[in-house]
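Before any comments, here is the structure.
The values are calculated or read from the model by the stated rules, or taken from the named source; none is laboratory data. Just so it is clear, the structure is predicted and the values come from calculations on it, not from any experiment. Cβ: placed from backbone, ideal geometry, glycine included. Neighbour counts: every protein chain shown.
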Amino acid sequence: MRKTTRKTLFLFGQPIEHSVSPVFHNTLFKSLKLPWRYIRLDSQDAEDLAWFMRNADFVGAAVTMPNKTRVIPYLDTLTEDARRIGCVNTIYTREVTSNREGGHSLVGTNTDWLGIKNALWSHDPGLVHLLQERPAVVIGGGATSRSAIYALTEGFGVKEVFLVNRDAEEVEVMIKDLKKRGMREALTHLETMEDVSKRLHVCPAVIISAVPDMGPQTPLEQLARKIALTLIQMQDTDSGITPGALLEMAYTPSPWTQLAKAASAAGWKIITGIDVMELQAIEQAALWTGVNIETLPYEEARNAMRSAILARGKCKI
């Protein structure tokens with residue numbers, strides 16, 4: 001474990017007032033008897049975090065939208081996972097002893113993909129087999145979608161991922177960048193209903209939704225929702241092709257989003273973003289504290305966070 005001097009960590013993004021991750025991490029630090037504090041830094045300006053990152057009491061940060069790429073120029077190095085995904089959600093420090101002044105270097109990594117992989121695995125280990133036979137789908141085109149794609153290809157060996165998103169240009173930019181970073185698996189954008197019927201001939205094993213839970217307003221949003229709902233309804237029980245798992249990354253104001261409700265009604269197993277958040281957060285805690293992940297007080301932190309969510313009275317878990 002790291003030295004027990006007072007340390008500060010940040011949740012860096014905007015908006016973040018809904019986040020319950022401070023409950024998770026501060027419960028964990030208290031259990032470990034570490035005089036550390038994990039606090040919100042509500043900002044879209046990467047220089048606001050850069051101001052704190054060189055301070056001696058800085059241990060690390062969790063980075064959320066829209067800062068997952070904006071912070072990269074302020075870091076000293078990226079892990080291989082972060083480099084290949086193209087964004088970071090976690091910053092941690094490593095001591096520098098090569099000069100007289102000492103100090104620390106800033107490392108950017110990505111634990112989102114591990115949270116996604118582990119959430120899928122823990123809910124249904126059989127998905128490993130299904131994903132060798134059936135495709136996967138990711139809904140969205142932002143930073144979380146990148147982590148989802150990486151979790152499917154790196155974590156489960158999926159050879160082709162189909163993408164659904166209202167913005168074709170956003171998807172095209174993401175695909176080109178991931179290919180540039182070394183991704184060899186096929187990434188196919190389903191832009192129209194015709195694409196669905198021509199390119200996808202079997203029910204997906206996994207659908208990961210990485211978009212906010214908002215009703216579609218524009219024609220392109222309505223089309224993307226129609227494609228998503230069509231994919232959810234794709235099944236052939238006579239031939240044994242039944243629904244797999246839908247992972248809904250959005251969990252505010254409730255993990256039971258419109259899409260999750262539709263998928264549940266169609267027979268899909270629902271995995272929530274709360275599960276992912278917990279699993280990626282424990283990976284962060286291991287990096288920050290230096291404590292073996294197997295010995296961290298995961299259940300205590302997890303229960304405290306879920307109690308905080310239930311106390312809001314807005315959703316079930």
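Some values worked out for this structure:
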quantity	calculated
Options LEU279, LEU220, LEU231, LEU259; residue that is aliphatic (A, V, I, L, M), surrounded by fewer than 19 Cβ atoms within 10 Å (Cβ to Cβ) and not in a strand (DSSP E or B)	LEU220
Number of the exception - GLY290 against (1) in the same structural domain as ASN26 (by TED's automatic domain parsing); (2) surrounded by 13 or more Cβ atoms within 10 Å (Cβ to Cβ)	(2)
Candidate set: the stretch 128-144, residues that are of a type in the set (A, V, I, L, M, F, W, C) and either under 30 Å from LEU220 (Cβ atoms) or crowded, with 24+ Cβ neighbours inside 10 Å (or both); chosen: the one farthest from the chain's Cα centre (by Cα)	LEU131
Subset of the stretch 299-316 that is of a type in the set (D, E, K, R) and modelled with pLDDT of 95 or more - its residue that is surrounded by the most Cβ atoms within 10 Å (Cβ to Cβ)	ARG302
Single residue of LEU229, LEU259, LEU190 found to be within 19 Å of the chain's Cα centre (by Cα) and closer than 28 Å to HIS129 by Cβ	LEU259
Counted residues, the stretch 262-276 - those being surrounded by 15 or more Cβ atoms within 10 Å (Cβ to Cβ) and either part of a helix (DSSP H, G or I) or of a type in the set (D, E, K, R) (or both)	8
Residues located in the stretch 44-89, provided they are among the small types (Gly, Ala, Ser) and at pLDDT below 95	ALA46, ALA50, ALA56
So GLU191, is it more than 24 Å from VAL276 (Cβ to Cβ) and not polar (S, T, N, Q)	yes
Residues satisfying the stated conditions in the stretch 15-38, i.e. at pLDDT 95 or above, surrounded by 14 or more Cβ atoms within 10 Å (Cβ to Cβ) and not in a helix (DSSP H, G or I)	LEU32, LEU34, TRP36, ARG37, TYR38
Verdict on VAL128 being at negative phi, in a loop (DSSP other than H, G, I, E, B), among the β-branched types (Val, Ile, Thr) and touching a residue at least 24 places away in the same chain (Cβ under 8 Å)	no
Of all residues making up the stretch 71-90, the number that are surrounded by fewer than 21 Cβ atoms within 10 Å (Cβ to Cβ) and not β-branched (Val, Ile, Thr)	9
Long-range neighbours under 7 Å by Cβ, at least six apart or interchain, first residue among the acidic types (Asp, Glu) within the stretch 161-178, second surrounded by fewer than 22 Cβ atoms within 10 Å (Cβ to Cβ)	ASP177/GLY86
Selection from the stretch 171-186 of residues that are closer than 15 Å to CYS87 by Cα and surrounded by fewer than 16 Cβ atoms within 10 Å (Cβ to Cβ)	VAL173, LYS176, ASP177, LYS179, LYS180, ARG181, GLY182
LEU296 vs. criteria at pLDDT 95 or above and not assigned by TED's automatic domain parsing to the domain that holds SER147	yes
Neighbours by Cβ (under 7 Å, 6+ apart or cross-chain): first from the stretch 180-193, within 15 Å of GLY155 (Cα to Cα); second part of a helix (DSSP H, G or I) and of a type in the set (S, T, N, Q)	MET183/THR153; GLU185/THR153
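Yes/no per residue for (1) outside any loop (DSSP other than H, G, I, E, B); (2) farther than 24 Å from SER19 by Cβ:
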{"residue": "VAL59", "(1), (2)": "yes, no"}
{"residue": "THR69", "(1), (2)": "no, no"}
{"residue": "PRO73", "(1), (2)": "yes, yes"}
{"residue": "ARG83", "(1), (2)": "yes, yes"}
{"residue": "ILE91", "(1), (2)": "yes, no"}
{"residue": "LYS117", "(1), (2)": "yes, no"}
